[in-house]
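Read the structure below first, then the notes.
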Amino acid sequence: MKKFYLLLVAAFIAVTAFAQQPLGKAQRSSSDIGMPVQTKVNHNLKKGFTKQSASMSGPRRIQGDPNNIIQSPPETAEIKYYQRSGYYHAVDKDTDFPYSYYEAEQSGVVTIAYDGNDVYFQHLLADVDIDTWVKGTIDGNTITIPLGQFISYSESNNYGKYLTMAEVSDHLVPAGEEDFVATNDTEATEITYTIDGNTIIQNGTNANYTLTTAWSDDEYVYYWGSQGGEYETVLTLDEGYTPPQLVVLPEGVEPEEWTLEGTYITSGASPEKYNVMVAVDGDDIYVSGLAYYFQEAFLKGTIVENQVIFEAGQLVGEDDYGSEYMVGYDGNSITDIVFDYDANAQTLTQKTNYIIENSSQNTLDFWGYWINVTISAEVEELVAIQLPDGIETEPYKLNAKVEEEAYETEVLVGFDGVDVYFVGLSDILPEGVTKATKNNYGQYVVPANQYVGTNNYDFFFTDFNSEELEDIVFEYDEATNTFSTDQYYLNVSRSSLLYYEKYTDVTITKTPSVSTAISAIDADSQVRYYDLQGRIVDANSKGVFVKQITLSDGTVKNTKVVRK
């Protein structure tokens, strides 16, 4: 499967669809994890394959059959587990993109199945956690594995990854450049290992000649993501190792339904809110739903004072892409998953920087990750602002920039003592009401992240100061009846900035009344009211409408009207 970088940078991903829908499973990645603090919602996350690789060489004789990838060894095979050591080329994330590589130490478990003279390896390659197998043969104390065996394949794209050897020069330049110096050794046909008691030693590899994979369609060597080739590998038998198992609730423990809210990130950010199951059993706590693609799977945590600690590497499921595990990540290394825990409020609040849905227990190779997660037994009900009874509103013109594009719409503004109410600060919620209160400086202030309504997402209006959400402050010029502010966001997160739209250079100015703009409305003038779907409605209907006046000379004037 071909990986790609999740480059969540300031060039935010454009919104391509509004309706919320479950995410498709995108490619896992070993790239940088991290969200810019000003984060734009992406609504078009889909599963697919994206090709990123290094250098091309001549054609090789591929010995494997992509239609017969080994999914499991024979049932009669004896399974043993080995701890791996040795080296591989890892991406240097301290350098600017495109990255260069350095020597890193291998870790993790290799599963080997013995069936007579046949031997099967799962996770043969360091940092490639695809759960398929490759086959070798034993002759004396030598294991021979043919190269060219496929470990993954995409039928829809008609290419896959197969075992190969790579020739690597002393200078590892960034992947993707034309002179990248890891090239496919198309002449190599096999790799051998020597059995020495409880160890299995890889033969013939070094920093300049590595075991890796290549793409079957163009023969590019796979030097991308967090890894390159591996070399000087030693596998040591671990008789005490027990493979991970799915967490099972203890007998008699009954879970309760809580609500998870947070932001899940793959190739973009998606606000999520759904029900999960939580069970407390003494100092143990069980939580489902943190694995986005295996939402029924439980994680087991331990309550330690006011925190809950979930041990990293818990198995949550297996599908066509392999096994998945949940781990924490602090920006540098894999960690346990930690939540702050308020037992009285029955609330878990994410403390670990990132909660990773990963394809490995100990190496970063992820499908997606969470930020800003809360899990609560009771979720505070959101209540939208309503226009006070009897308030009179007048049409104002809102001008701004949205994603640097000119934006104009009509809003309704009503004053009520020191408060002012805006109707329709965003076309996403044309009936949404926003309340601002006059301060001692004559400014009108909207409290940070004021809830405005729901339209597939919960929406909030807020400003942001590079670190936290803050109030929107409108300057008000009474002489020109104009409100102005530098920016505000239409946000979809309760606790952090995950914005749907950003408005900058905002002015809201009172428009001339119809009686001022039109010298006379004669008897032949026609007045109609339309709802927001363009249907004609009764003049006394309640809601948000467009009032259309057509004069006898054909002039048409439209104004927005709100009736409660």
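In this structure, the amide hydrogen of Gly86, modeled 1.01 Å from its nitrogen in the peptide plane, lies closer than 5 angstrom to those of Gln106, Val234, counting only residues at least 5 positions away or on a different chain.
Protection proxy ranking, highest mean first, for peptides 246-252, 201-207, 234-240: 201-207, 234-240, 246-252, where packing is the per-residue count of other beta-carbon atoms within 10 Å, averaged. Remark: region 505-510, residue by residue, has Karplus-estimated 3J(HN,Hα) of 6, 8, 10, 10, 10, 5 Hz, where x stands for each Gly or Pro and the curve is 6.51 cos²θ - 1.76 cosθ + 1.60 at θ = phi - 60°. Whole-percent P(r), region 256-376, all Cα pairs, 5 Å bins from 0: 2, 12, 24, 27, 21, 10, 3, 1, 0.
Could you check how many percent of all C-alpha pairs in region 378-433 are farther apart than 15 Å? Let's see the in-between values first.
Values: 870 of 1540 pairs.
The proportion of pairs with Cα distances above 15 Å equals 56 percent.
Normalise the Debye intensity by I(0) for region 226-290, one equal point scatterer per Cα, no solvent, then take log10 at q = 0.13, 0.14, 0.26 Å⁻¹ and round to two decimals. Those come out to -0.70, -0.75, -1.16, one per q. The packing ranking of peptides 465-472, 450-457, highest mean first, is 450-457, 465-472, where packing means the average number of other beta carbon atoms within 10 angstrom of each residue.
Less than 13 Å Cβ to Cβ from Thr137, Lys/Arg counted +1 and Asp/Glu -1: what total charge do the surrounding residues give?
On the way: positive: Lys135; negative: Asp115, Asp118, Asp139, Glu190.
With Lys, Arg at +1 and Asp, Glu at -1, the net is -3.
Note on Asp458, Asp389: ascending count of other Cβ atoms within 10 Å places them as Asp389, Asp458, the fewest first. Across region 242-256, computed HN-Hα scalar couplings (Karplus, 6.51 cos²θ - 1.76 cosθ + 1.60, θ = phi - 60°) run 10, x, x, 10, 5, 5, 10, 5, x, 4, x, 8, 10, x, 10 Hz from first to last residue, x flagging Gly and Pro. Applying Stokes-Einstein at 4 °C and 1.567 mPa s to the Kirkwood radius of region 322-387, computed over alpha-carbon pairs, gives a translational diffusion coefficient of 95 µm² s⁻¹.
When you have a sec, figure out the Kirkwood radius of region 397-511 from all distinct Cα pair distances and drop it here in Å to one decimal?
Numbers: mean 1/r = 0.0710 Å⁻¹.
Averaging 1/r across every pair of different Cα atoms and inverting gives 14.1 Å.
Less than 5 angstrom separates the built amide H of Ala448 from those of Asp471, Ile472, all sequence-distant by 5 or more or on a different chain. Residues in region 187-203 carry Karplus couplings, in order, of 8, 6, 10, 7, 10, 10, 10, 10, 8, 9, x, 8, 10, 10, 10, 6, 9 Hz; the curve used is 6.51 cos²θ - 1.76 cosθ + 1.60 with θ = phi - 60°, and Gly or Pro positions show x.
Local charge sum around Ala345 (other residues, Cβ-Cβ under 12 Å, Lys/Arg +1, Asp/Glu -1)? Spell out each step's value before the answer.
Numbers: positive: none; negative: Asp340, Asp342, Glu378, Glu380.
Residues near Ala345 contribute -4 overall.
Bear in mind that the values in this text are calculations on the coordinates, not laboratory data. Note that the coordinates shown come from a computational prediction; the quantities given were computed from them, not determined experimentally. When we count neighbours, we look across all protein chains shown, and the Cβ atoms used for this are built from the backbone with ideal geometry, even at glycine.
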